[in-house]
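The block underneath contains the structure these notes are about, expressed in structure tokens.
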Amino acid sequence: MRELLNTLYVQTPETRLSVDHDCVVARVGEEPPKRLPLRRLDGIVVIGRVHVSTPLIHRCGHDGISIAWLTSTGRLAGSLRGPTSGSVLLRRAQYAAHDDHNARLELARSIVASKVLNSMRFARHAARLSVDHSAALRAGADSLDSIRLSLKEVEDLDDLRGREGAAARQHFGHVRLTMNPEWTFADRSRRPPLSPFNALLSFLYGLARSRCEHALDAAGLDPQVGFLHGLRPGRPALALDMMEEHRPVIDRLAVTLANRRQLGSRHFETEAGGACYLSEEGRLKVLTSWSKLLEGDVRHSTLKERLPYGLVFHVQAVLLARAVRGDMASYLPYVTEPD
């Protein structure tokens, strides 16, 4: 188990959580139990085959400590929020921030700035590895950095979205330069994807969006009310907002799968109309690589410690909730480590 930002995350299979006086106790097989004072916790997130005792559920409900149950793939199975959890007030603050132009712009600006910074670091990493396109990638990274610095002068959301779109087009140009020539990626196409690489990106983005949506819900936020993305029935706008800072990480995984020839033509199926999708075998290979990415440790610049990448989504949701409530001066997005 691991405590981050007053939230306890438990993901070791067959862990049994119980309460002993004022502590939560975690037991795994014959290993010595681990204890943590309940007064230090705002929430508990259990992932996969973790057992929570009824007395602990009752105690958390009484003390206002939230519990969220997630499947091993990150899908939210259910949650408990006691009468003093404050989620209603949190969502009220979220809606107020959405309706306040300045507050919404600042939150959206932080999200876009982190996405552009992560895209810039993608390009600089690729430049160090490239033989033929190193100069172009370094120049592209400098251009992205200029866009990032220009975000300070943005005064409305339309301008911010325009600059984010320009940065995204440059980033996908860098993705093309880093790919094995055997793969083609002329343009980003969605609904439906029209090439194998687009199919790969769409599948990975779907996995990431799901994790963002469930992490936000577990933190007490409304995944459908975002700040960068506008409101639309059925669209998890806030989950899409959070996903922006992770897109360069996902793109790097997609390029790695392509360049290492872990995927080939047999892993994709093309329909008569041109829509392209991963085959069952292809999905299994991608899910295996996605799981390894989530399990791998990354350095979190805000916490200043290393943690599994899969927990970053939950940490960012808690940070966003704190920024919305006014407990933090601004939202601190996830940024990748510089090489």
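The values are calculated or read from the model by the stated rules, or taken from the named source; none is laboratory data. Every value quoted in this text rests on a predicted model; they were computed, and no experiment measured them. In this analysis, Cβ positions are derived from the backbone assuming ideal geometry, glycine residues included, and neighbour counts consider all displayed protein chains. Quick note on the areas: whole protein, heavy atoms, side chains included, nothing else; ligands and nucleic acids left out. Shrake-Rupley method; radii C 1.70, N 1.55, O 1.52, S 1.80 Å.
Things to note:
- Residues that are closer than 20 Å to residue 211 by Cβ and at pLDDT below 85 number at least 1 in the following strands (runs of 3 or more DSSP E) confined to the range 1-98: 2-4, 7-10, 43-47, 66-70, 76-80.
- A single member of 324, 335, 286 is aliphatic (A, V, I, L, M), within 28 Å of residue 126 (Cβ to Cβ), touching a residue at least 24 places away in the same chain (Cβ under 8 Å) and not in a loop (DSSP other than H, G, I, E, B), and it is 286.
- Pairs with Cβ under 8 Å, 6+ apart, first in the range 16-35 and in contact (Cβ under 8 Å) with a residue 40 or more places away in the chain, second assigned to a strand (DSSP E or B): 19/25
- Subset of the range 158-167 that is touching a residue at least 60 places away in the same chain (Cβ under 8 Å) and open to solvent by 20 Å² or more (accessible area, probe 1.4 Å) - its residue that is nearest to residue 112 (Cα to Cα): 164
- Number of residues in the range 292-301 that are out of contact with any Pro (no Cβ under 9 Å at 6 or more places or on another chain) and open to solvent by 20 Å² or more (accessible area, probe 1.4 Å) equals 4.
Results for (1) open to solvent by 10 Å² or more (accessible area, probe 1.4 Å); (2) touching a Gly at 6+ places or on another chain (Cβ under 9 Å), shown as yes or no for each residue.
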{"site": "254", "(1), (2)": "no, no"}
{"site": "258", "(1), (2)": "no, no"}
{"site": "261", "(1), (2)": "yes, no"}
{"site": "313", "(1), (2)": "no, yes"}
{"site": "320", "(1), (2)": "no, no"}
{"site": "330", "(1), (2)": "yes, no"}
{"site": "336", "(1), (2)": "yes, no"}
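- Under the condition of being farther than 16 Å from residue 218 by Cβ, hydrophobic (A, V, I, L, M, F, W, C) and out of contact with any Asp or Glu (no Cβ under 9 Å at 6 or more places or on another chain), the residues counted in the range 37-62 number 1.
- Residue within the range 267-281 that is open to solvent by less than 20 Å² (accessible area, probe 1.4 Å) and in a helix (DSSP H, G or I) present: yes
- Checking 225, 255, 312 one by one, the residue that is in contact with a strand residue (DSSP E or B) (Cβ under 9 Å, 6 or more places away or on another chain) and modelled with pLDDT of 85 or more is 312 and no other.
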